[in-house]
Ligand SMILES: [Zn+2]
């Protein structure tokens with residue numbers, strides 16, 4: 001039995017829920033048709049012409065990448081420029097493209113867990129996320145016949161996540177009363193007359209990080225001109241989430257030995273190292289796949305001896321030195337690549353569990369634009 005693209009998207013979003021993505025990110029189905037039938041999925045960090053041709057050759061209908069195909073809005077779709085050419089090829093080949101980016105960085109079993117596991121770290125926890133996410137309770141008053149629409153909008157925007165449960169809400173019925181004043185255009189009732197309406201109070205929780213997105217979605221779905229809602233800061237905390245991870249080594253190693261291990265495990269010929277003493281013993285290691293210079297201070301204050309991340313710049317390296325934190329930089333590509341194998345295993349397990357025919361391929365070529373010479 002073949003599977004519909006949207007069903008695979010559902011599996012991917014169970015692993016890496018969309019609400020975990022940064023607000024500036026571009027994720028989800030970026031090209032194609034959610035209703036397309038899929039028998040083969042091709043996994044890569046980026047969509048490039050080599051990936052598209054390999055996906056076509058393997059008979060895949062869906063490409064899943066970490067980096068978004070369309071990140072900044074396209075201003076033109078031209079066949080003579082690389083982005084337009086790629087999109088045309090995808091359309092002609094009938095390929096769908098789905099991206100899981102910062103949501104896959106943060107997600108359990110995502111980019112950073114895959115990197116920590118590949119490096120053999122133990123007792124791995126989110127970096128900087130030890131306190132758990134700050135939570136806010138939303139209570140919104142909705143006319144009874146619009147309650148389901150607003151509740152769905154809240155859930156789809158990322159509200160109501162408690163542990164392994166999504167779309168969690170509580171609702172109570174009551175009567176709302178209001179007097180529309182001059183200038184109002186009430187959805188129910190008339191200006192100058194007190195109206196009484198059967199309303200439902202819908203309550204749910206949201207992380208502070210997701211609050212503005214959830215409010216925007218809630219206000220869009222709500223029929224009233226002026227929406228009555230309350231926000232309560234909560235003392236209980238949500239699940240600890242964070243971009244990076246921190247864990248222990250099975251036994252202490254010197255930085256020099258660590259650098260060699262990273263080269264072997266991540267299959268890179270060289271790494272950049274920020275530090276002064278190759279014999280320094282490393283016990284606790286922080287990792288952040290891709291670009292993790294923003295986590296230097298967090299790594300240091302959470303007790304890391306070493307941060308492994310890509311894309312470190314000159315002044316960021318100086319900051320690390322001043323903090324007394326060693327950094328090993330194997331590059332952006334090498335630190336993100338391990339997630340592809342995990343993702344393949346996850347999709348294969350889901351497909352087997354649901355008894356559908358699905359073949360998953362991982363792009364074997366390096367997509368790293370940098371080469372050591
Ligand atoms: Zn990246």
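Bear in mind that the values in this text are calculations on the coordinates, not laboratory data. Not measured: the values here are computed from a predicted model. With ideal geometry, Cβ positions are generated from the backbone for all residues, glycine too; neighbour counts draw on all protein chains shown.
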Test result for residue 164, within 16 Å of the ligand (Cβ to nearest atom) and on the phi < 0 side of the Ramachandran plot:
no
Select from the range 287-306 the residues that are closer than 16 Å to residue 243 by Cβ and more than 16 Å from the ligand (Cβ to nearest atom) and write down the one among them that is surrounded by the most Cβ atoms within 10 Å (Cβ to Cβ).
299
Filter result (within 16 Å of the ligand (Cβ to nearest atom) and assigned to a helix (DSSP H, G or I)) within the range 317-348
332, 333, 334, 335, 336, 338, 339, 340, 342, 343
List the strands (runs of 3 or more DSSP E) inside the range 173-272, counting only whole elements, that have at least 2 residues being closer than 30 Å to residue 285 by Cα.
229-237, 245-254
So which residues in the range 147-169 are exposed (fewer than 12 other Cβ atoms within 10 Å of the Cβ) and part of a strand (DSSP E or B), if there are any at all?
165
Go through (1) within 16 Å of the ligand (Cβ to nearest atom); (2) closer than 20 Å to residue 110 by Cβ for residue 262 and report which single condition fails.
(1)
Some residue of the range 249-256 being within 29 Å of the chain's Cα centre (by Cα), within 19 Å of residue 117 (Cα to Cα) and within 16 Å of the ligand (Cβ to nearest atom):
no
Pull out all pairs, ordered by first then second residue, where Cβ-Cβ is under 6 Å, the residues are six or more apart or on different chains, the first lies in the range 289-313 and is on the phi > 0 side of the Ramachandran plot, and the second is within 13 Å of the ligand (Cβ to nearest atom).
290/310; 290/332; 290/336; 311/291; 311/332
Enumerated helices (runs of 4 or more DSSP H) restricted to the range 40-119, each holding at least 3 residues that are within 15 Å of the ligand (Cβ to nearest atom) and either without any contact (Cβ under 8 Å) to a residue 60 or more places away in the chain or crowded, with 21+ Cβ neighbours inside 10 Å (or both)
102-106, 111-118
